[in-house]
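What follows is a set of notes on a single structure, which appears directly below.
Derivation of every value follows stated rules applied to the coordinates shown; laboratory data play no part. Quick caveat: nothing in here was measured; it's all calculated off a predicted structure. Glycine gets a Cβ as well: all are built from the backbone with ideal geometry, and neighbour counts include every protein chain shown.
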Amino acid sequence: MKTKKLLLTTFAILLVVLINGCEGDDFTPIVGQAPTVQSTVPVDLATNVPLDQVVTLTFNKKMNPIAIGTAAFSVVGQNTLGGSPIEVMGTRTYDDASNTMSFVPTNPLSFNNIYTATLLPLPKVKDIVGNFVQEAFVWTFSTRMIAAPMVIATDPLDNETAVSVGKTVTATFSESMDPTTISATTFTLKQGSTSISGVVTYSGTTASFNPSADLELGTVYTATITTGAKNPLGIAIPADHVWSFTTETIPPTVISTDPLDNATGVPLNKTVTATFSEPMDPATITDVTFTLADGTTPITGIVTYSGSTASFNPSADLLSGKTYTATITTGAKNPSGIAIATDHVWTFSTGAPAGPAFVDLKSAGQFGILAGVGVSNNAGFSEIRNMDVGISPGVRSSVTGFPPAIVVNGAIFASDDSAAVAAMLVQAKQDLTDAYLFAEGATAPAPATVAGDQGGLTLAPGIYKSTSTLLIQSGDLTLDAQGDANAVWIFQIAADFTTVGGAGGSVILIGGAQAKNIFWQVGSSATIGDGTIFQGNVLALTSITMNSGATAVGRMLARNGSVVMTNANIIEKP
């Protein structure tokens, strides 16, 4: 520092001497004390001096404004990093009121410079009575030290592996940069010698390179910030900043499922889950990429994702005795945008339906009423909805009361309509007979013996056997499927079956029970009482009567006798 100051001082003195020349005047004081410098701005050895600093020196007495001259006062600067001393150009003035001489640089001072200000004792620097300054006055000061901006962090890190192929590459600087210098020219990404196209942006102190397309799996990339990147003062980073990283190589997989593939006896309220080998992008785990189906029929449900597990919660309980297929598609991706390699598909089966085996009505199932000798509607506007009416071996003239009774979304078929219709009805009657005999002979699970009035009871799926007549009278009979929509009930009734309206007599379904799975095998005749709300399929050996206002979700199927609607009855397809 002392050597640099001496060099600057020597340079300044020589500069002033050469400019001013030697006039040969005597420097001896004429009258009184010789003038001296009393203070300076900046002070000697000042640091962090502003770049717009006006350099001044103040004398201890009034100076001769004319004789003081300007050439004797110089300012010379030299960069701390090296280089030759350079004189600072500027304007010199003298203020008589404050005894102050000022130097105003033409251009702002420079960062990282040490400046030497010099006043030489030449004949032109004297006070108002002619006394000369006897000795040179020299002092130094320095402007603020500015470090070059640096790249202090990158994402990905240098040599990082398993980087997402959808990664936006970033570089963070030690200070704010000039945004106009952060561009696709100064921030590049390459795979070997091949440049990767992308969009470069800058915000705060961070530059970002967003590739136009996903990067390749298992590939090394090199990012570079060049020295063209500068701060607002025009100071560039000292050298190109270069770093490399490698993208990920293994796509995510489904590593486990619940239920397992080919699992059996799965609960009907099961939430289906799939666990991945790594965290996934939640936005890609939806009811589009995670599906459940019964054959080709999609199951509705809510898909959620947490940790590394996706869950499919069906909107309703699954059905018993079914095989379901779950699928995770290749639309499921990790946060890097890497999809599972292939669709992951697995199947599982729910347990057998509660209760006995289903009674298959086959072609008899198309009928809401199927009778042997007659079908009548005695009074009122009765309706059979979404099913047909059939009679065999009875003929069309044995179908009476239509209208006012009507068949909605169905038709009436009689054995004398045509040969084809007759054949169809014969088959339907045979299917009814087969179903009747199947229900009558069912033994698994073991039948529970029942007798008398069933009103007020709640029965689970199963076989219920009565060796005589059976009633529903003192209250409603409730059938509870306990969550199994495929649960089956078979009532084996040796004689007549009657529901008595008024105090009760209706059949109520809960727990997912469905009327289509309830079979009333009646060894004689059945009567559905006044105002009864009935559920299920009646398979009667002889006749069936629906009293006034009785309604049924089910079928009235009489093998040998008649089906009689009394007044304003409704039979709805189960």
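Some notes on this structure:
- Extended-chain gain in nm, criterion 0.36 nm per residue less alpha-carbon gap, Val345 and Thr168: 60.4 nm
- Principal-axis tilt of helix 419-441 within the chain, Cα atoms, nearest 10 degrees: 80
- Rounded to the nearest whole Hz, the Karplus-based 3J(HN,Hα) values (6.51 cos²θ - 1.76 cosθ + 1.60, θ = phi - 60°) of the range 147-162 follow the sequence 7, 5, x, 10, 7, 9, 7, 9, 9, x, 6, 4, 6, 5, 10, 6, with x at glycine and proline.
- The range 328-347 and the range 420-436 have Cα centres lying 51 Å from one another.
- A simple spin-label model places the labels of Asp240 and Thr161 2.7 nm from each other, with each point 7 Å out along Cα-to-Cβ.
- Isotropic mean projected area of the C-alpha convex hull, the range 343-421 (nm²): 9.6
- Share antiparallel - DSSP beta bridges, the chain, percent rounded to 5: 55
- Spread of Cα-to-Cα distances over 5 Å intervals beginning at zero, given as percent, for the range 206-245: 6, 18, 22, 22, 14, 10, 6, 2, 0
- The alpha carbons of the chain give a radius of gyration and a Dmax of 51.9, 157 Å, in that order.
- In terms of the mean number of neighbouring beta-carbon atoms within 10 Å, the peptides 393-405, 318-330 order highest first as 318-330, 393-405.
- Förster-model FRET efficiency, 35 Å R0, Thr297 and Val426, C-beta, rounded to 0.05: 0.55
- Of the peptides 86-93, 542-549, the ranking by mean beta-carbon count within 10 Å, highest at the top, reads 542-549, 86-93.
- The range 96-165 and the range 524-561: distance between their alpha carbon centers, rounded to Å: 111
- Between helix 2-20 and the chain there is an angle of about 60 degrees, using the helix long axis and the longest principal axis of the Cα atoms.
- Computed label-point distance, nm, for sites Thr286 and Leu45 using a 7 Å Cα→Cβ extension: 7.2
- Solvent-free Debye scattering, log10 I(q)/I(0), computed from the Cα coordinates of the range 151-247 at q = 0.11, 0.15 Å⁻¹: -0.28, -0.52
- Cα gyration tensor, the range 443-574 - rounded (a/c under 1.5), prolate or oblate: rounded
- 222 nm mean residue ellipticity, helices alone, for the chain (DSSP H n ≥ 4; -39,500 (n - 2.57); rounded to 500): -2500 deg cm²/dmol
- When each of the peptides 255-265, 337-347, 54-64 is scored by how many other beta carbons lie within 10 Å of its residues on average, the order from highest to lowest is 54-64, 337-347, 255-265.
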